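Asker: Attaching a single structure in structure tokens format; questions to follow.
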Amino acid sequence: MDNDRPAGLVRVVSAFAVAALFALPLVWALATSLKPSGEYVSASAALLPREFTLMHYEALADSRVWRLALNSLAVTLGTTALALAAALPAAYALARFDFPHRLDALFLAFVLLVKLTPPIVLAVPLYQVLRTLGLLDTLAGLVLVNQIYAMPFALWMLLGFVRDVPFVYEEAAAIDGAGLARRIVQIVIPILGPGLAATGVLVAIAAWNEFLFAFLFLQSPANFTLPTYVATRINEDETLWGQLSAIGVLASLPILALIGFVHRALSRGFAGGLN
């Protein structure tokens, strides 16, 4: 047992070192957001500010950036809900039904191909589609184009989780007279809880941080999301590092809170713990 103590100590120290390494960018952003402008542009590499200030957060409050946060929240919730609602039935069908001529494999290959396509390649076709539908410069349009990448990711994630659900549960329910919809709602979805949570969190993080489509398809400042607002803090005369860091800190809080709230479901989902 004595020989286990040094090994355990090494693991603990290593875990704290890795955690500190990953936390360093967030700590650095927090420290920069609390520095006066003259301090973070100086040659000093000191992490902690010599003089604390909230001027950057006050500037964001005056610019009513909270309205843009609501836009980001609406896009994130809409993208996540639509992706899960569409991907779950598709994943169930691919996992449970037999398709002729390996159409399921061809469909999955096509979905993967779309997922791997660079976003800028799809920008012009998506712009024309949104303009035709009258959804250009709207949050609903952004939710729709986000599905190009959110839905394939959700489908591939949920497909593995659905395949791990024992089919015997559904067979027993079918013998008792349960239809397909009832089996999915009362058996499959409750067992898929951790997988749905893990998939939803990852889709939500991607939607919350999405920049390119929002930058291309939203022109009105009132419809900007937080990532597009960040681009306005950089101009040819200066880069407002203090406000950029403050936005980064504030934008990270909902994601950290979400992960903290569902961390147990995330752990079970990534571990495939569907029992």
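Asker: Just one of (1) in contact (Cβ under 8 Å) with a residue 12 or more places away in the chain; (2) open to solvent by 80 Å² or more (accessible area, probe 1.4 Å); (3) assigned to a helix (DSSP H, G or I) trips up residue 79, so point out which.
Answerer: (2)
Asker: Say we look at segment 122-143 and pick out the residues that are of a type in the set (A, V, I, L, M), touching a residue at least 24 places away in the same chain (Cβ under 8 Å) and in a helix (DSSP H, G or I); which of these is most open to solvent (accessible area, probe 1.4 Å)?
Answerer: Here the answer is 140.
Asker: Name the residue that is nearest to the chain's Cα centre (by Cα), counting only residues in segment 110-120 that are free of Cβ contacts under 8 Å to residues at least 60 places away in the same chain and surrounded by 11 or more Cβ atoms within 10 Å (Cβ to Cβ).
Answerer: 115
Asker: Could you give every pair whose Cβ atoms fall below 6 Å, whose first residue belongs to segment 24-50 and is on the phi < 0 side of the Ramachandran plot and part of a loop (DSSP other than H, G, I, E, B), and whose second residue is of a type in the set (D, E, K, R) and open to solvent by 80 Å² or more (accessible area, probe 1.4 Å), counting only separations of at least 6 or pairs across chains?
Answerer: As it stands, the answer is 36/51, since those pairs meet every condition given.
Asker: Whether any residue in segment 36-57 is within 30 Å of residue 140 (Cβ to Cβ), of a type in the set (D, E, K, R) and exposed (fewer than 13 other Cβ atoms within 10 Å of the Cβ) is what I want to check. Write out each step before concluding.
Answerer: From segment 36-57, those within 30 Å of residue 140 (Cβ to Cβ) are none; that's our starting set.
There is no residue in segment 36-57 that is within 30 Å of residue 140 (Cβ to Cβ), of a type in the set (D, E, K, R) and exposed (fewer than 13 other Cβ atoms within 10 Å of the Cβ).
Asker: Out of curiosity, is residue 105 more than 23 Å from residue 155 (Cα to Cα) and among the small types (Gly, Ala, Ser)?
Answerer: So residue 105 does not fit the description; no.
Asker: Anything in segment 110-121 that is assigned to a helix (DSSP H, G or I) and either at pLDDT 90 or above or not aliphatic (A, V, I, L, M) (or both)? List them, or say none.
Answerer: If the condition is that a residue be assigned to a helix (DSSP H, G or I) and either at pLDDT 90 or above or not aliphatic (A, V, I, L, M) (or both), then 110, 115, 119 are the ones that fit.
Asker: For segment 46-88, enumerate the residues that are modelled with pLDDT of 85 or more and among the basic types (Lys, Arg).
Answerer: Matches in segment 46-88: 67 only.
Asker: Answer yes if at least one residue in segment 96-103 is open to solvent by 60 Å² or more (accessible area, probe 1.4 Å) and of a type in the set (Lys, Arg), and no otherwise.
Answerer: Yes.
Asker: A follow-up question, please. Regarding segment 93-109, can at least one residue be identified that is part of a helix (DSSP H, G or I) and touching a Lys or Arg at 6+ places or on another chain (Cβ under 8 Å)?
Answerer: Yes, segment 93-109 has at least one match.
The values are calculated or read from the model by the stated rules, or taken from the named source; none is laboratory data. These numbers come from a predicted model, not from an experiment. Quick reminder, even Gly has a Cβ in these numbers, built from the backbone with ideal geometry, and neighbours come from all protein chains shown. For the accessible areas, the whole protein counts, side chains as well, though only heavy atoms, and no ligand, DNA or RNA atoms are used. Shrake-Rupley method; radii C 1.70, N 1.55, O 1.52, S 1.80 Å.
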